[in-house]
Structures are given as structure tokens and as C-alpha cells.
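Worksheet: one structure, shown below.
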Amino acid sequence: MKLFISPGACSLAPHIALRETGAAFDAVKVDLATRKVETGDDFLTVNPSGKVPALTLDSGETLTENPAILLYIADQKPEAGLAPRDGTMDRYRLL
């Protein structure tokens, strides 16, 4: 997985969540002024809105927006306790 981040942006939340779960991922820095990643590639090919975070899965699919990314991360390792179990009232309160 690749998590596209920018220091000081809200991409810190999924970065912490991924570390909490012990997931293997690469953090890729995005320059929000130029919309370029640290390799010089165009970030707009990853997320056309140009916003971080974006999480590209090993399948090639990309998730954007913190709520979706955080819930995906929590669901990949439920034993980490990052989100209540699916189908519970606590889960709906979280959402």
C-alpha cells in the first residue's frame, strides 16, 4: 500500500492508524503547492482533487477521504480496536 501524505495535513490520522495496525505501507510525500510527489510524478493521477490523504491498495484501487481510509484500515485488522464491530450501534455512532 501507498499512503500519500503531506506534513501538517489531515493525512496524519491514517498514517497513525496504519502504524497502530502494523500494516506494511509506504508513505509518499506530496507537495500540495505543486501537486507533485517526492519522485516528481503528478499526484493528480492518484487523486484528481489533489487532496491528501489518498491510499493506493496493492490491488491498484485508491481510496480518498479520511473517513473511508480510516474505516478501511480499521476493518483490515479489527483486533487493533480502531473501530467498533460492523453492525453495532457503536459503529454507527462512530460514523
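Structural remarks
- Count - residues of the range 41-94 that are part of a helix (DSSP H, G or I) and touching an Asp or Glu at 6+ places or on another chain (Cβ under 7 Å): 1
- Close pairs (8 angstrom Cβ cut-off, 6 or more residues apart or separate chains): within 11 Å of I73 (Cα to Cα) and at pLDDT 95 or above in the range 18-29, of a type in the set (A, V, I, L, M, F, W, C) and in a strand (DSSP E or B) anywhere: L18/L3
- Members of the range 14-48 found to be among the small types (G, A, S), more than 15 Å from K2 (Cα to Cα) and open to solvent by 60 Å² or more (accessible area, probe 1.4 Å), listed by number: A33
The values are calculated or read from the model by the stated rules, or taken from the named source; none is laboratory data. All values reported here derive from a predicted model rather than from experimental measurement. Don't worry about glycine lacking a Cβ; one is built from the backbone with ideal geometry, like all the others, and counts go over all protein chains shown. Keep in mind that these areas ignore ligands, DNA and RNA; they rest on the heavy atoms of the full protein, side chains included. Shrake-Rupley method; radii C 1.70, N 1.55, O 1.52, S 1.80 Å.
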